[in-house]
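Participant: Could you have a look at this structure, given as structure tokens, before my questions?
The values are calculated or read from the model by the stated rules, or taken from the named source; none is laboratory data. For clarity, every value in this text was computed on a predicted model and none was experimentally measured. Cβ atoms come from the backbone with ideal geometry, glycine included; neighbour counts cover every protein chain shown.
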């Protein structure tokens, strides 16, 4: 399976926005965006002129990097969003938010989505009592995501570290019993991702 293996801090710097790809580091003064708030590379501090197409492409790249999804799968989600009733951009973000790795991260069981993907792949989570080791599994309203091995130190430390982090209003998180219930799929106003998703729709509509 293809995946990004370079420095993830470069991605935040390129987008000029925290994508929270490094867990606790993103909340500290060690964050690369805090220390070097400009794009990476030799010409990172140069002035850039963005065309309409450039803005649309950058927006798509930002969303892909934020959720840790590559192009083929991202486009697949877009096609799913088109077929659903409602606003396509909202549908796309809702699909991305319903991924199992994102649910695990949002619930505070992992410090980053990359860590959540690893934990899911290693069979540490179940959905409605059934083991699921596919990070891209799409959860539905009413699904209960639970930690299978409560003694895993990485999960326990993540729960402790993220105890003060606000949990999504569309999830019921029980940190004591290490489980999270998806009470409903989120509305756009409940997704705290600063992005203009209509640019993605415009790009794919061409």
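Participant: Please enumerate the residues belonging to the range 82-95 that are over 18 Å from residue 190 (Cα atoms) and assigned to a helix (DSSP H, G or I).
Facilitator: Within the range 82-95, 82, 83 qualify.
Okay, residues lined up against (1) modelled with pLDDT under 95; (2) surrounded by 17 or more Cβ atoms within 10 Å (Cβ to Cβ):
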| position | (1), (2) |
| --- | --- |
| 167 | yes, no |
| 173 | no, yes |
| 178 | no, yes |
| 183 | no, no |
| 186 | no, yes |
| 190 | no, no |
| 195 | yes, yes |
| 199 | no, yes |
| 205 | yes, no |
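Participant: Is it the case that residue 56 is over 16 Å from the mean Cα position of the chain (by Cα) and crowded, with 21+ Cβ neighbours inside 10 Å?
Facilitator: yes
Participant: Looking at 158, 141, can you tell me which residue is farther than 25 Å from residue 89 by Cα and outside the structural domain of residue 62 (by TED's automatic domain parsing)?
Facilitator: One residue alone meets the criteria, 158.
Participant: Go through the range 96-114 and count every residue that is crowded, with 20+ Cβ neighbours inside 10 Å and in a helix (DSSP H, G or I).
Facilitator: Qualifying residue count, the range 96-114: 10.
Participant: Here's something else I'd like to know. Limited to the range 168-192, what total is found for residues that are over 24 Å from residue 121 (Cβ atoms) and not in a helix (DSSP H, G or I)?
Facilitator: Summing the residues that are over 24 Å from residue 121 (Cβ atoms) and not in a helix (DSSP H, G or I) in the range 168-192 gives 10.
Participant: Also, I was wondering about something else. Of the residues 120, 134, which is closer than 10 Å to residue 101 by Cα, under 19 Å from the mean Cα position of the chain (by Cα) and in a loop (DSSP other than H, G, I, E, B)?
Facilitator: Result: 134 is the single residue among 120, 134 that is closer than 10 Å to residue 101 by Cα, under 19 Å from the mean Cα position of the chain (by Cα) and in a loop (DSSP other than H, G, I, E, B).
Participant: Take the residues of the range 155-167 that are without any contact (Cβ under 8 Å) to a residue 40 or more places away in the chain and either under 19 Å from the mean Cα position of the chain (by Cα) or assigned to a loop (DSSP other than H, G, I, E, B) (or both): which is nearest to residue 106 (Cα to Cα)?
Facilitator: Filtering the range 155-167 for residues that are without any contact (Cβ under 8 Å) to a residue 40 or more places away in the chain and either under 19 Å from the mean Cα position of the chain (by Cα) or assigned to a loop (DSSP other than H, G, I, E, B) (or both), the one nearest to residue 106 (Cα to Cα) comes out as 166.
Participant: Among the numbered conditions (1) out of contact with any helix residue (DSSP H, G or I) (no Cβ under 9 Å at 6 or more places or on another chain); (2) under 16 Å from residue 191 (Cβ atoms); (3) free of Cβ contacts under 8 Å to residues at least 12 places away in the same chain, tell me where residue 105 comes up short.
Facilitator: So residue 105 meets the others, but not (1).
Participant: Further question: Take residue 141 and decide whether it is in contact (Cβ under 8 Å) with a residue 40 or more places away in the chain and out of contact with any helix residue (DSSP H, G or I) (no Cβ under 9 Å at 6 or more places or on another chain).
Facilitator: Against the criterion (in contact (Cβ under 8 Å) with a residue 40 or more places away in the chain and out of contact with any helix residue (DSSP H, G or I) (no Cβ under 9 Å at 6 or more places or on another chain)), residue 141 qualifies.
Participant: Could you list, in sequence order, all residues of the range 102-125 that are at pLDDT 95 or above and either under 15 Å from residue 63 (Cβ atoms) or outside the structural domain of residue 155 (by TED's automatic domain parsing) (or both)?
Facilitator: 102
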